Amino acid sequence: MSLRSVLVANRGEIALRVVRACRELGIRSVAVYSDADASAAHVRHADDAVHIGKSSASKSYLNADAVLEAARSAGVDAVHPGYGFLSERPSFAAAVEEAGLTFVGPPSSVIATMGDKAAARAVARSADVPVVPGSDEVSSADYAVAAAEEVGYPVLVKASAGGGGRGIRPAASAGELRTVVVEAQREASSAFGSDKVYLERALQGPRHVEVQVLADTHGSVVHCFERECSLQRRRQKILEEAPAPGLSSELRSALCDAAVRLSSQVGYVGAGTVEFLVEGEEFFFIEMNTRIQVEHPVTEWITGLDLVAEQLRIAGGEPLSVAQDDIVRRGASIEFRVNAEDPDQDFLPSPGEVTGLELPGGPGVRVDTALMAGDVVPPFYDSLVAKLAVWAPTREQALARGRRALAEYRVEGLPTTIGLHRRLLDEPAVVDGTYDITTLETWLAGPS
Amino acid sequence: MGSHTITSRTPGVFYHRPSPDADPYVTEGASVSEGDTVGLVEVMKTFHEVKADAAGTVSKFLVENEDEVTIGQDLVELET
């Protein structure tokens, strides 16, 4: 029973991406839109569209009731959440299921498990997948010092109730740890209302490498190799590539096998991404994203797969179109995120009207965007307005193609990250593929 | 006594309070100094504080909580 109609519960380039996949598969697509997006590309290209609210995200794309009502009124049989917005809310997936519709993604219970840090680590451990070494909650300095012997220095002392980078203190030795634990407990108590803290190994400039998986409802789980996503600013990826440069074939196999084991363990269904930190030849699971990722095009370039089409087939109950042995890597791909932000003003968001636009083209160039000349980039949503992804037989050629495509790319009327990417492609660490998760922020903070 | 209007430096969504459960930054009738925060504008998932660019008494809010605002839009009227 393949899908006949899908509500695309998103906006921008990813909504258009899903609409396009639906069209190619003969599935009717229904877009949703806010006041600000009434004439947006994802609305124009879909078969139908339903207005769901005012411009602000909380009154439209984040309003689960409005999205569900749109699904009911449009008579669709499935809901594709895209990324962001409601895509990783277990309650939304559960509401879609309860409405008798198909959620294009894993079961709501799996989203809930992998969205809970402790539960996700437990799944990883039971699948024999390494996690960043850490301790249970530590109640005293003596206990902390004993636990740190197991974890390995340097350690981070983290507040159990903290989050978003708050309540984290480093300690490089037992002596330092004794002081830091007491301070951390006091701080956690006043900041989070709980003095519970735990230890975690402090990695020194790891790389962020993630593995794409696909799993169907018939028990097949495959990986589609890895993506290197270490170039990040404030935990936001800016440039991604596949394959990951400098990864040994043993490490690549170990990562991909671990991602498949973990996905099987949790009963995963759909397209998902297992994220790891890699340091030397060691790797550690950090989290799983239970949805399609922004950077999926680089995987599509090197494998020839259509990941969104696979998502829709899986949701329709069909088996995967490929077996693991059919998935082979070819060449190298790099994606550049084009954000409406001003890199010269600390990445200040820059909504506004696009007065002129010239897109790159030619061999090995793909642009995913919903932005057309004359469009207004609204201030209400994410700043990502386009993704440029290039492919070439070798990484060196992909870098050259990236430089060429970025030189062709012109957006007028608002500042974007295109110029930043042009400069990044001249950086030795990027050219050599030796960058890690600290590289971009260090480079941005440096002279020049 | 004169009046002064604080305007928005970015387009986005205006909030009276730092988070949904918190108290408002200021209420009508409150006196503010130059540099005091009087509201918050969310633009592309980032938050920018609206600062009073003059001292005075808040006489009127010209936008409601969660209203969509444009760049340069009048937000708060002060009696100076």
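Evaluate the distance, in nm, between pseudo-label points positioned 7 Å from the Cα of A:Glu287 and of A:Lys117 along their respective Cα→Cβ axes.
The modelled label-to-label distance comes out at 0.9 nm.
Counting other Cβ atoms within 10 Å, keep those with at most 11, restrict to DSSP loop, and tell me which trypsin sites (Lys or Arg not before Pro) in region A:220-262 are left.
Details: sites: A:Arg227, A:Arg233, A:Arg234, A:Arg235, A:Lys237, A:Arg252, A:Arg261; in loops: A:Arg234, A:Arg235.
Listed in order of number, the matching sites are A:Arg234, A:Arg235.
Which percent of the Cα-Cα distances in region A:309-388 go past 14 Å?
Numbers: 2336 of 3160 pairs.
That fraction is 74 percent.
Rounded to the nearest Å, what's the spacing between the alpha carbon centres of region A:364-430 and region A:290-312? Just the number, please.
So the two Cα centres are separated by 19 Å.
Can you give the relative contact order of region A:299-419 as a percent, counting alpha carbon pairs under 8 Å and 6+ residues apart?
On the way: 205 pairs, mean separation 39.2, N = 121.
Relative contact order of region A:299-419: 32 percent.
Going 7 Å from the Cα of A:Leu62 along its beta-carbon direction, which residues of region A:382-397 have the amide nitrogen within less than 16 Å of the resulting point?
A:382-384
Could you tell me how many cubic angstrom of Cα convex hull volume region A:1-46 has per residue? Numbers along the way, then the final one.
On the way: hull volume 2.6 nm³, N = 46.
Once divided by residue count, the hull of region A:1-46 is 57 Å³.
Report, as a whole number in µm² per second, the diffusion coefficient that Stokes-Einstein gives for region A:216-330 at 10 °C and 1.306 mPa s using the Kirkwood radius over alpha carbon pairs. Don't jump to the answer; show the numbers that get you there.
On the way: Rh = 14.8 Å.
Using the Kirkwood radius from Cα pairs, D works out to 108 µm²/s.
Counting other C-beta atoms within 10 Å, and keeping those with at most 14, which DSSP coil trypsin sites (Lys or Arg not before Pro) do you find in region A:1-80?
Numbers: sites: A:Arg4, A:Arg11, A:Arg17, A:Arg20, A:Arg23, A:Arg28, A:Arg44, A:Lys54, A:Lys59, A:Arg72; in loops: A:Arg4, A:Arg11, A:Lys54.
Loop-located and lightly packed - A:Arg4.
So what is the 222 nm mean residue ellipticity for the protein assembly as shown from helices alone, if each DSSP H run of at least 4 adds -39500 (n - 2.57) and you divide by all residues, rounding to the nearest 500 deg cm²/dmol? Please list the in-between numbers first.
Numbers: 15 runs with 155 residues, N = 528.
Only helices count here, giving -8500 deg cm²/dmol.
Mind checking the mean number of beta-carbon atoms from other chains within 10 Å of the Cβ atoms in B:38-49?
Details: counts 0, 0, 0, 1, 6, 8, 15, 8, 6, 0, 2, 0.
Counting Cβ atoms of other protein chains within 10 Å of each residue's Cβ and averaging gives 4.
Which part of region A:251-274 falls in the paramagnetic zone of A:Ser109, meaning amide N under 11 Å from the point 7 Å along Cα-to-beta-carbon?
A:267
Whole-Hz ³J(HN,Hα) for each residue in region B:47-61, computed from phi via Karplus 6.51 cos²θ - 1.76 cosθ + 1.60 with θ = phi - 60°, x for glycine and proline: what do you get?
Once rounded to whole Hz, the list reads 10, 10, 6, 8, 9, 5, 9, 7, 8, x, 10, 5, 9, 6, 8.
Leaving out same-chain residues fewer than 8 places away, which aspartates and glutamates sit with a Cα under 12 Å from that of B:Lys51?
B:Glu34, B:Asp36
From the Cα gyration tensor of region A:1-116, with a ≥ b ≥ c the square roots of its eigenvalues, which class applies: rounded if a/c is under 1.5, or else prolate if a/b is larger than b/c, or else oblate? Mind dumping the intermediate values first?
Values: a/c = 1.62, a/b = 1.19, b/c = 1.36.
Oblate shape, in that a/c is at least 1.5 and b/c is the bigger or equal ratio.
Could you tell me how far the Cα centroid of region B:23-74 sits from the Cα centroid of region A:5-27, in Å?
39
Using modelled amide H (1.01 Å from N, peptide plane; none on Pro or chain starts), what sits under 5 Å from the amide H of A:Arg291, excluding residues fewer than 5 places away?
For A:Arg291, the qualifying residues are A:Thr273.
I want to verify a result. In a Gaussian network model of chain A, Cα cutoff 10 Å, which of these has the top mean-square fluctuation: A:Gly162, A:Gly316, A:Gly205?
Top of the fluctuation ranking is A:Gly162.
Considering every residue in A:339-351, what mean count of other chain Cβ atoms within 10 Å of its Cβ is obtained?
Working: counts 1, 1, 2, 0, 0, 0, 0, 0, 1, 5, 9, 3, 6.
Mean shielding count: 2.
I need to check one value: relative contact order of chain A, counting alpha carbon pairs closer than 8 Å and at least 6 residues apart, in percent. Working shown, then result.
On the way: 957 pairs, mean separation 65.6, N = 448.
Reported relative contact order: 15 percent.
Could you sort out which of A:Lys237/B:Lys45; A:Lys54/B:Lys45; A:Lys59/A:Lys387; A:Lys59/B:Lys60; A:Lys59/B:Lys45; A:Lys237/A:Lys387 sit more than 22 Å apart by Cα distance in this structure?
Values: A:Lys237/B:Lys45 15 Å; A:Lys54/B:Lys45 16 Å; A:Lys59/A:Lys387 26 Å; A:Lys59/B:Lys60 26 Å; A:Lys59/B:Lys45 14 Å; A:Lys237/A:Lys387 12 Å.
Cα-Cα > 22 Å for A:Lys59/A:Lys387; A:Lys59/B:Lys60; rest within.
Which of rounded, prolate or oblate describes region B:8-52 when judged by the alpha-carbon gyration tensor and an a/c cut-off of 1.5?
On the way: a/c = 2.46, a/b = 1.40, b/c = 1.76.
The shape class here is oblate.
Count neighbours as other Cβ atoms within 10 Å of each site's Cβ, and list the trypsin sites (Lys or Arg not before Pro) in region A:128-180 that are DSSP loop with at most 14 such neighbours. Working shown, then result.
Working: sites: A:Lys158, A:Arg166, A:Arg178; in loops: A:Arg166.
Passing sites in region A:128-180 are A:Arg166.
Stokes-Einstein at 10 °C, 1.306 mPa s, Kirkwood radius from Cα pairs: D for the protein assembly as shown in µm² s⁻¹? Don't jump to the answer; show the numbers that get you there.
On the way: Rh = 25.0 Å.
Approximately 64 µm²/s, per Stokes-Einstein.
Most fluctuating residue of A:Val260, A:Val308, A:Val180 in a GNM of chain A with Cα springs under 10 Å: which is it?
A:Val180
A:Ser126 versus A:Ala141, label points 7 Å from Cα toward the beta carbon: distance in nm?
3.9
From the Cα gyration tensor of region A:207-445, with a ≥ b ≥ c the square roots of its eigenvalues, which class applies: rounded if a/c is under 1.5, or else prolate if a/b is larger than b/c, or else oblate?
On the way: a/c = 1.77, a/b = 1.44, b/c = 1.23.
Note, shape of region A:207-445 comes out prolate.
Values in this text are rule-based calculations from the coordinates and carry no lab data. This one's a predicted model, so the numbers in the text were calculated from it and none came from an experiment. With ideal geometry, Cβ positions are generated from the backbone for all residues, glycine too; neighbour counts draw on all protein chains shown.
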